[in-house]
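Below: the structure, in structure tokens.
The values are calculated or read from the model by the stated rules, or taken from the named source; none is laboratory data. On a predicted model such as this, the values are computed, not experimentally measured, just so you know. Every residue, glycine among them, receives a Cβ derived from its backbone with ideal geometry; neighbour counts consider all protein chains shown. These area figures cover heavy atoms from the full protein model, side chains too; ligands, DNA and RNA do not enter into them. Shrake-Rupley method; radii C 1.70, N 1.55, O 1.52, S 1.80 Å.
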Amino acid sequence: SLAYAERLRQMPPADITAAIAALGDPGSSVQRQMQLALLLMHAPPPNDTSRTLGLLQRVISHPSDEATALKPLARLLATRLATQRKLEESNERLNLQWREAQRRIELLNDQLDAMRAIERSLSPKPATTPAR
């Protein structure tokens, strides 16, 4: 699986997408589940993190001897993906907060400009002295 993952790392995104389509439904084959999970992890964005985590969980919980050899890697990748998902969610929240802060700043700047305009309209005009 590590050799397969290394090959995937060097593949162009179009080939990854084609390999995902060619692999199709992995069924109950632990090897194919792991291959599809690795393919999905290398797929161009947006990645399907939920689907990938589901496949890795299937490998982790599979009782076969074939799965035993893949479980440590599947656990490692599942942990990595879970952390990545948390970071993506945190990033989304921060982006939302940033956009809201930008909106508030614009609103406050508009209010400040309006107050300045009112202030200018209320302040007395400087007296002009007649020219001699």
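Quick notes on this structure:
- Positions within the range 6-55 being assigned to a helix (DSSP H, G or I), open to solvent by less than 20 Å² (accessible area, probe 1.4 Å) and within 17 Å of ALA74 (Cα to Cα), in sequence order: LEU8, VAL30, GLN33, MET34, LEU36, ALA37, LEU38, LEU39, LEU40, THR49, THR52, LEU55
Rundown of residues vs (1) small (Gly, Ala, Ser); (2) over 17 Å from LEU2 (Cα atoms), yes/no style:
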| site | (1), (2) |
| --- | --- |
| THR49 | no, yes |
| GLY54 | yes, yes |
| VAL59 | no, no |
| ALA74 | yes, no |
| THR79 | no, no |
| ALA82 | yes, yes |
| SER90 | yes, yes |
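- Test: residue in the range 105-117 that is of a type in the set (A, V, I, L, M, F, W, C), open to solvent by less than 80 Å² (accessible area, probe 1.4 Å) and in contact (Cβ under 8 Å) with a residue 40 or more places away in the chain: no
- Total residues in the range 56-90 satisfying the condition of being in a helix (DSSP H, G or I) and either closer than 19 Å to ALA18 by Cβ or of a type in the set (Gly, Ala, Ser) (or both): the figure is 7.
- So ALA69, is it more than 24 Å from the chain's Cα centre (by Cα), modelled with pLDDT under 95 and open to solvent by 70 Å² or more (accessible area, probe 1.4 Å): yes
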